[in-house]
Amino acid sequence: MQDVRIIGTGAYVPDRIVSNDEVGAPAGVDSDWIITKTAFRERRWAADDEATSDLATAAARAALESAGITAAQLSVIVVATSTPDRPQPPTASYVQRNLGATGAAAFDVNAVCSGEVFALSAAENLLARKGGHALVIGADIYSRILNPADRRTVVLFGDGAGAIVLGQADSGPRIRHLDLHTFGELSDLIRVPGGGSRAPLTAESLEEGQQYFTMDGRGVRRFVADHVPQLVKQFLHEAGVVPDDIRHFIPHQANGVMLDDLFTELALPNATMHKTLETYANTGAASIPITLDAAHREGALRRGDLVLLAGFGGGMAAGLALIEW
């Protein structure tokens, strides 16, 4: 049986550009403060009539064009998102309908900012058993769940979608190794308190702002510093490679300052760290596939290069993937 390989990538971001000044003013911070803390300079926010499935569909179409296949050839669609169109049905079902991919099983994965790697793992395993092609999409619209007065969160996020098409082939980028982790004891570091079965939204909880995204920023930084370098070291050992072998590092675009610290700690001497955060900020589950697509379309990824994907965030979770391009 042929290997499961990446045969196409795509991305989509909304048209609306939101500057640091625009997002920072209601929260009482200026652009210099945001750049110093995050390295973000602008982000894209969805239009009022755009939902997560719309962004996901646009990225999917770009990825299908890149792969040279039609939606009718898809057997699986997985959408990684923590900002679905609705609690039910899965956002992936809307994407399937939009694309006309009537033969594809479609479902969502919610692993927050690690979601794309979790979804990639699920899709690869399904294709290894049943064949065909899979569409793996990371898509989020965080602008809808941000408190405009909370400087700790509102300046961090943009909206967007990225997509990867997998298929069985004799050549092309190959997923060599995948590993997933969840640290449930830290699950309250990142959350939306209200709106689920634990705490349905009421007039009172809306007044309290429980519908908004919340984050313990210091706790998240500690999680990344304490866990991610060791997880990467263990992952590379299991994959049979050494840090010197990695040519490209594509992390979740959480925060530019934090990523610079992480990259130094990882000590990948021959790797380029790819970033799209200065213009798109943190796009949740979309950030890894958006950044992978940018590196691919720029021609930065050469045949045989080892590419390390690293997702980390709410859950708390971490997902790692090693791709031989």
Here the tail fraction of P(r) beyond 23 Å, over all Cα-Cα pairs of segment 241-325, rounds in percent to 15
Relative contact order in percent for segment 175-325 (Cα pairs under 8 Å, 6+ apart) equals 34
FRET efficiency (Ala72, His177; Cβ distance; R0 30 Å; to 0.05) is 0.45
Taking every other residue with Cβ under 12 Å from the Cβ of Ala285 and scoring Lys and Arg +1, Asp and Glu -1, one gets -4
Expressed as a percent, the accessible surface of the chain that is carbon or sulfur, using a 1.4 Å probe and the full set of protein chains, is 46
Ranked output for segments 38-45, 296-303, 24-31 by mean other Cβ atoms within 10 Å, highest leading, reads 38-45, 24-31, 296-303
Scoring segment 56-190 by relative contact order with C-alpha pairs under 8 Å, at least six apart, yields a percentage of 28
Here the tail fraction of P(r) beyond 19 Å, over all Cα-Cα pairs of segment 157-263, rounds in percent to 65
Scalar couplings 3J(HN,Hα) for segment 233-249 by Karplus 6.51 cos²θ - 1.76 cosθ + 1.60 (θ = phi - 60°), nearest whole Hz, x for Gly and Pro, are 4, 5, 4, 5, 4, 5, 7, x, 10, 10, x, 4, 6, 6, 9, 9, 10
For Ala300, placing the label point 7 angstrom along Cα-to-beta-carbon and taking segment 112-137, residues whose amide nitrogen sits under 19 Å are 116-117
Listed by chain and number, the residues whose amide H is under 5 Å from that of Thr83, excluding neighbours fewer than 5 places away on the same chain and using placed H, are Ile141
Note to self, the chain gives a 222 nm [θ] from helices alone (DSSP H runs n ≥ 4, -39500 (n - 2.57) apiece, / all residues, nearest 500) of -10000 deg cm²/dmol
Over the chain, with neighbouring protein chains present, the accessible area per residue in Å² at probe 1.4 Å is 43
Residue span Asn125 to Glu238: 0.36 nm per residue of separation minus Cα-Cα distance leaves a gain in nm of 38.8 nm
Highest mean packing first, using Cβ neighbours within 10 angstrom, the peptides 66-77, 174-185, 113-124 sort as 113-124, 66-77, 174-185
Checking Asp108, Asp261, Asp49 against a Gaussian network model of the chain (alpha-carbon springs below 10 Å), the top fluctuating residue turns out to be Asp49
Each label sits 7 Å from Cα toward the beta-carbon; between Thr279 and Ala25 the label points are separated, in nm, by 2.5
Val78 neighbourhood, Cβ < 13 Å, K/R = +1, D/E = -1, net charge -3
Checking rank on 267-274, 155-162, with mean other Cβ inside 10 Å and highest first, the result is 155-162, 267-274
The alpha-carbon center of segment 25-85 and that of segment 256-321 are separated, in whole Å, by 16
Plugging the Cβ-Cβ distance of Thr264 and Gln168 into 1/(1 + (r/R0)^6) at R0 = 51 Å yields, to the nearest 0.05, a FRET efficiency of 0.85
For mean projected area of the Cα convex hull in nm², with candidates (i) 25.1; (ii) 19.8; (iii) 15.8, the value calculated from the shown model is option (iii)
Place a point 7 Å from the Cα of Asn98 in the direction of its beta carbon; the residues of segment 136-163 whose amide N falls under 12 Å from it are 137-141, 160-163
Within the chain, the percent of DSSP beta bridges that are antiparallel, given to the nearest 5, stands at 70
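The values are calculated or read from the model by the stated rules, or taken from the named source; none is laboratory data. Keep in mind that what you see is a predicted model, and the values were worked out from it rather than measured. So basically every Cβ, Gly included, is an ideal-geometry build from the backbone, and we count neighbours across all protein chains shown. In case anyone asks, the SASA skips ligands and DNA or RNA and just uses the protein heavy atoms, side chains included. Shrake-Rupley method; radii C 1.70, N 1.55, O 1.52, S 1.80 Å.
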